[in-house]
1. With unit charges on the beta carbons (Lys and Arg positive, Asp and Glu negative) and the dipole taken about the Cα centre of chain A, which residue among A:Cys301, A:Ser17, A:Ser140 sits farthest to the positive side?
2. Averaged across A:100-110, how many Cβ atoms of other chains sit within 10 Å of each residue's Cβ atom?
3. Residue by residue, what Karplus-based ³J(HN,Hα) values in Hz, rounded to whole numbers, does the range A:40-52 have, using 6.51, -1.76 and 1.60 with θ = phi - 60° and x for Gly and Pro?
4. HN-Hα J couplings of the range A:255-261 from phi, Karplus 6.51/-1.76/1.60, θ = phi - 60°, integer Hz, Gly and Pro as x?
5. Determine the sum of side-chain charges near A:Ala215: Lys and Arg each +1, Asp and Glu each -1, restricted to other residues whose C-beta is under 14 angstrom from that of A:Ala215.
6. Within 13 Å, Cβ to Cβ, of B:Thr47, how many net charges do the neighbouring residues add up to if Lys/Arg are +1 and Asp/Glu are -1?
7. How much net charge surrounds B:Thr287 when only the other residues with a Cβ under 13 Å from the Cβ of B:Thr287 are counted, with Lys and Arg +1 and Asp and Glu -1?
8. If you take each beta carbon of peptide A:145-155 and count the beta carbons of other chains within 10 angstrom, what is the mean?
Amino acid sequence: MNDTAGSTAVLRVRDLSVSFRGEEGGDGDVHAVDGLSFDVAPGEVLAVVGESGCGKSVTSLAVMGLLPPTARVGGSVALRGRELAGADEKELRSVRGREMSMVFQEPMTSLNPVLTVGRQIGEVLRRHQGLGRREARQRSAELLETVGIPDPGRRVDEYPHQLSGGMRQRVMLAVAVACDPAVLIADEPTTALDVTVQAGVLDVLGALRERLGTAIVLITHDLGVVAHTADRVLVMYAGRAVEHAPVEDLFATPRHPYTRGLLDAVPRPGGRAAALAEGRRPRLREIPGLVPGLETQPDRCTFAPRCAHADGLCTSRRPLLQAPAGPVGERPDAPHTAACWHPLDVTGAPAEATEEAAP
Amino acid sequence: MSTDAVHSGTARGPAGPGGPEDIPGTAPGRRRPGLLRRLRRNRLAFTGAVIAALFVLAALAAPLISPYDPARADFGSALAPPGWSHWLGTDDLGRDQLSRVIHGARASMQVGVLAVALAFLAGVPLGLIAGYYERFADPLVSRITDTLLAFPFLVLAVGLAAVLGPSLLNATVAIGVSLVPQVIRVTRAETLRLKHLDYVGAAVASGGGDGVVLVRHILPNAASALLVQATVGVPTAIIGEALLSFLGLGVQPPDPSLGVMLSSAQPYIAAAPWTAVFPGLAIVVATLAFNLFGDGLRDVLDPRGATR
């Protein structure tokens, strides 16, 4: 990866791998993440996308150091140059919620039902900033206002069951940004919300990024959310990064057939009528097959069994992330890379001769 | 823990620090109806609660409301049947049965409350630890719990009381210890359930240590289950006390206790049945009342109940 981006990165992940010990006498280990690297700069939104089960959430938990002891984590996770992989629990606790925080998918269950929202936000403030009860409540109300909750003076003393799902997710955001963290990891923060509420929560994320310069890792499988929010996109498949690009480049010219498949699988308005007009059966173009099991990380392209363009090379050698031949993206500082032997060109046709370019 | 919730609950009132916009009644139907209200809708539970409360009051005010000194013998009116001067009759020594039942209730309540408190003091921390540190602490705590649970409750209590020696304090300790396994079981089960919930994960993700997670997030959410367990534990302890005193391992005779009364009534059951009937009735009514109250509380505190 390029070092100019790396030097300004606040979160720098290198060669992250996570495997879970299998049942004894069972099928062996599960390799959830394999050799993942990425950087996030202050004020930047990196979207991590992929199908369910491709390692997105495991990646976020690994970065936070929240995986259960049955997980083996390799590689490096550096926050402002400080290594977190292998750090002890005490050090991680002082980082979590203060320098790096996380928002979970389920706002309905992520708040403690017996504590007022003010207390739950205040808990983080009191823990990391040593505020007193009164100051914490005051600051909690300010944070509620920051995340766009009306009437914060009253809401701060309410219980989670008195709030709607969108409001609860805003409260979760308030908890997450209470201590101005350098990095915010949002694991599908809008998946459980309806669309109008989604937009509101994403706007809050955008505003926080601008106001506080927070680096945001946005984990999602919703490409609409990605287009709306992200600066760069990391596409994951079966635990590996398959494509990494600025958001405009990715949507304009997806290089990896998997990314192309994801984009094609998004329903479009008028798609049905257009298909009928052309005499085609109106159906979404899905990607055939399923995400493979993760018992092994084979030395080949993991997407090859589902790929229309796969050949002998794809099933015998593993492609690495590299900038494909052809036009450079719009941002030379953030190159467009894909892990594919036959990256698609602008027209969507697979390239022939990257074999020679490969080491 | 639960007092935290109570504090913030009161802070929401009209006088709460919410500023001028905090006008009561602006959010109709937002609050759940009060606990008492919901309890009142459940007739059986409410009856149980009232009787249990009367029982507790009688125990507290025993010296004030007893018509006679429970220890004063009056051989002139021994084994008198129930009547105007002695509502529940007298026993073989002419002592007033009503006064003795009231004072007996005092001993029952004392054991009931203290034994349950003791069981919770020991059982709740152990249950939390066993449930939270599933890999390390649970095997040890759970095997000990299983071993204790292999003995029926009363057998365990009698055995322990016999070892400790006969006295009210020792009976309390014996009953308390015998209740511990059940408390551990309930606390552990709740902890196992709660620790996988999202808000516990969220607390860890925001830097919460084990202590914070256990005391602020798990314990308060287990409180309703524990409260129900406590109300069910009291009648168990009352029966335990009656049994131990009946066997001579608890309250020692001249002192009144429902168990002691039953024990000393044995020779006269045919001639003066009231000597056995009334203390027995007191045990049945008190136990039933607390159990009904506990069952009702379980229904009322269940969040899946009518409130959602």
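Here, each number is a calculation from the coordinates, and none is a lab measurement. What you are looking at is a predicted structure, and each value in this text was computed from that prediction instead of being measured. Cβ placement follows ideal geometry from the backbone for every residue including glycine, while neighbour counts extend to all protein chains displayed.
1. Farthest along the dipole direction, towards plus: A:Ser140.
2. Values: counts 2, 4, 5, 2, 5, 1, 5, 1, 1, 6, 8.
Rounded to a whole number, the mean comes out at 4.
3. Per residue, the Karplus-derived 3J(HN,Hα) values read 10, 9, x, x, 9, 10, 9, 8, 10, 10, x, 5, 4 Hz.
4. Karplus-based 3J(HN,Hα) across the range A:255-261 equals 8, 8, x, 5, 4, 4, x Hz.
5. On the way: positive: A:Arg12, A:Arg80, A:Arg209, A:Arg211, A:Arg232; negative: A:Asp39, A:Glu44, A:Glu99, A:Asp180, A:Glu210, A:Asp231.
Charge balance near A:Ala215 sits at -1.
6. Values: positive: B:Arg40, B:Arg41, B:Arg43; negative: B:Asp295.
Once positives and negatives cancel, what remains is +2.
7. Details: positive: none; negative: B:Glu241, B:Asp295.
That sum, taken over residues with Cβ under 13 Å, equals -2.
8. Values: counts 0, 0, 0, 0, 0, 0, 5, 2, 7, 10, 1.
Mean number of neighbouring Cβ atoms from other chains: 2.
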